[in-house]
1. Being buried (at least 18 other Cβ atoms within 10 Å of the Cβ) and either closer than 15 Å to L89 by Cβ or not hydrophobic (A, V, I, L, M, F, W, C) (or both) is the requirement here; does L157 meet it?
2. Just the residues that are surrounded by fewer than 15 Cβ atoms within 10 Å (Cβ to Cβ) and touching a helix residue (DSSP H, G or I) at 6+ places or on another chain (Cβ under 6 Å), please, taken from segment 41-51.
3. Within segment 122-137, work out how many residues are within 19 Å of K17 (Cβ to Cβ) and surrounded by fewer than 19 Cβ atoms within 10 Å (Cβ to Cβ).
4. What's the total number of residues in segment 85-104 that are closer than 18 Å to A159 by Cα, in a helix (DSSP H, G or I) and either modelled with pLDDT of 85 or more or not aliphatic (A, V, I, L, M) (or both)?
5. Give the residues of segment 48-96 that are within 27 Å of R118 (Cα to Cα), in contact (Cβ under 8 Å) with a residue 40 or more places away in the chain and not hydrophobic (A, V, I, L, M, F, W, C), sorted by residue number.
6. Listed residues L131, L136, L160; which is at pLDDT 95 or above, touching a Phe, Trp or Tyr at 6+ places or on another chain (Cβ under 6 Å) and not β-branched (V, I, T)?
7. Would a scan of segment 76-84 turn up a residue that is surrounded by fewer than 18 Cβ atoms within 10 Å (Cβ to Cβ), over 22 Å from L182 (Cβ atoms), in the same structural domain as A111 (by TED's automatic domain parsing) and modelled with pLDDT under 80?
8. Give the number of residues within segment 19-40 that are part of a helix (DSSP H, G or I) and either farther than 12 Å from I103 by Cβ or over 18 Å from the mean Cα position of the chain (by Cα) (or both).
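The values are calculated or read from the model by the stated rules, or taken from the named source; none is laboratory data. Just so it is clear, the model here is predicted, and its values are computed rather than measured. Virtual Cβ from ideal backbone geometry, glycine too; neighbours counted across all protein chains shown.
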Amino acid sequence: MRVKSEARRQAIVDVAKEAFSKQGFENTSMSEIASRVGGSKATLYNYFSSKEEIFAAVMESSATEQIAGAFKLLEEENDIRSTLLNFGLHYLSSILAPDIMAIRKMAINEADRSDIGRHFYENGPKKGWLLVSNYLQQQIEQQRLITCDAGICAMHLKALIEAEVVEPYALGVLTEVDEQLLIAVVERAITVFLKAYQA
């Protein structure tokens, strides 16, 4: 029974993800999600108490599938430059994926009307970048990086990795991002970062 329930829950998340991506959060109703799943609104409420809760599950599911892999790379035993280059490339590729970008835009759009934006940040970017901060703190303690606030250091790294492509891509100025461009962008970002922070 539990497997069936998990499968049903995942089906709701998958259907909602598609609906949110195509129509936006505001234009997608609980009734429509229920109809697409092939059940009643009552069935939907057995799994989720609100549309916001479904959206939160969609965000967590997408982040787990795509972005988590980038943060796992920080656990590998490589030199700091190689580790950050690997991490940066996987992270940037993940956040530029169309479904992740769509979710990010929706979270920003909904931030004024609900807790969706805060929930997105708390359960997505904040958790991931805390892992980066912890990794950088280890590098500081091993005297590979200068003594500094690891949290601020992580935010500088994030800004450098995202600087060249994320905003232009999100706004449709940049319509295509290939791997060669991403490699070049990340190499420049990590070079600047290490010039500022390497011991």
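1. The answer is yes for L157.
2. Correct list: K41 only.
3. Residues meeting the conditions: 2.
4. Total meeting the criteria: 12.
5. Across segment 48-96, the qualifying residues are E52, E60, S61, S62, G88, Y91, S93.
6. The match here is L160.
7. Yes, segment 76-84 has at least one match.
8. Start the filter on segment 19-40 by keeping residues that are part of a helix (DSSP H, G or I), which leaves 19-23, 30-37.
Checking the rest, the ones that are also either farther than 12 Å from I103 by Cβ or over 18 Å from the mean Cα position of the chain (by Cα) (or both) come to 19, 22-23, 30-37.
Adding up the residues that qualify gives 11.
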